[in-house]
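The values are calculated or read from the model by the stated rules, or taken from the named source; none is laboratory data. Note that the coordinates shown come from a computational prediction; the quantities given were computed from them, not determined experimentally. When we count neighbours, we look across all protein chains shown, and the Cβ atoms used for this are built from the backbone with ideal geometry, even at glycine. Just so you know, the surface numbers come from the protein's heavy atoms only, side chains and all, with ligands and any DNA or RNA stripped out. Shrake-Rupley method; radii C 1.70, N 1.55, O 1.52, S 1.80 Å.
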Amino acid sequence: MTRKTINNRLDIADKNFKKLSIQVSLNGLSFCVADTVVQKLLLSDSVDFVEEKNPMLVLDELKKLFQVHQLNNMEFDEVVVVHRNTLFGLVPKSLFNADHLFEYLKFNTKVLGTDVLSYDIVENHELVNVYVPYMNINNYIYELFGEFTYMHNGTVLLQSLMNNQTQNQETICYVHVSKSQLDITVLDQRKLLLYNSFLYSTKEDFAYYLLFVLEQLELDPKTASVKLFGSIEEDDPIFQLCFSYIQNISIFAPSSPQLIKLGEPETTSVDFTLINTI
């Protein structure tokens, strides 16, 4: 496993205005603690698994991570859990019925009869994100902290990107990159053309999915604007391969809450989804 840690002194006796945000996936975990009044990031850590784990093993890893930072002994004013997976589907709000969640996912997602489904309203955009949360994680968080908020990572991405898409007049393909998963959002100004997630193992997989999306939307790789962000740099083999096919591709630094980390690296080291739950 690989890990990145930011650790400032945290006064566990004072929970006021302290927010804990946790992101859970089968490929890794991350969290951050922030003081939401002074917009200061207090504590952050992330762990990438060598191999994909099942939800029960992920819970074991989360418990270990909490013990390392003594989070299970702390109190927070607010707790948010973000479930990161490809088990989701977008539904226009005008067509949405909360009694038919299974119907929205059964044709394009592997849903088990024992799965509990949930949904998020994508604020201000008339969309509903239906998805499968990791309920064993939710139950553990509830046991520790009581009431909390949970959502799908796609909801956070869509709201963040679409709410900030005010100046661009061109169609832009945004690609959020993390270990083993890429999330593609294509926006024409603030109109959503596509949002989808793909699991990948190699740089060739990554390039294939990206080029496939451009082809399906009839966007020319020679002229289409593609912006990558997350765990990606220009010297990354993934970027270099995509650059050989897509001329107008670049690393993107999306706007996010201005969290101050005294004496620490820039907030770009913290996952974009986590930062945007603060």
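Neighbours of residue 224, meaning other residues whose beta-carbon lies under 11 angstrom from its beta-carbon, give a summed charge of -2 when Lys and Arg score +1 and Asp and Glu score -1.
Remark: relative contact order (the stretch 25-82) = 30 percent; criterion is Cα-Cα distance under 8 angstrom and separation of 6 or more residues. Projecting the Cα atoms of 240, 160, 101 onto the charge dipole of the chain (Cβ charges, centred on the Cα centre) puts 160 farthest toward the positive pole. For the residue pairs 64/179; 179/227; 18/63; 203/227; 93/179; 191/222, the C-alpha atoms sit more than 26 angstrom apart in 93/179.
Considering only 198, 76, 138, and ranking their Cα positions along the charge dipole of the chain that arises from unit charges at the beta-carbon of Lys, Arg, Asp and Glu, the one farthest toward the positive end is 76. Restricting the stretch 140-249 to chymotrypsin sites (Phe, Trp or Tyr not before Pro) that sit in a DSSP loop and have at most 15 other Cβ atoms within 10 Å of their own Cβ leaves 245. Counting only protein heavy atoms and a 1.4 Å probe, tell me what percentage of the chain's accessible area is made up of carbon and sulfur. Heavy-atom surface of the chain belonging to carbon and sulfur, 1.4 Å probe: 47 percent. Given +1 at the Cβ of Lys and Arg, -1 at the Cβ of Asp and Glu and no other charges, the dipole of the chain around its Cα centre is 200 debye to the nearest 20. Overall shape: oblate for the stretch 40-95, with the ratio a/c of the largest to smallest alpha carbon gyration tensor axis at 1.5 or above and b/c at least equal to a/b. A convex hull fitted around the alpha carbon atoms of the stretch 169-263 yields 115 Å³ per residue. Think of a 1.4 Å ball rolled over the protein heavy atoms: the chain then has 51 Å² of accessible area per residue.
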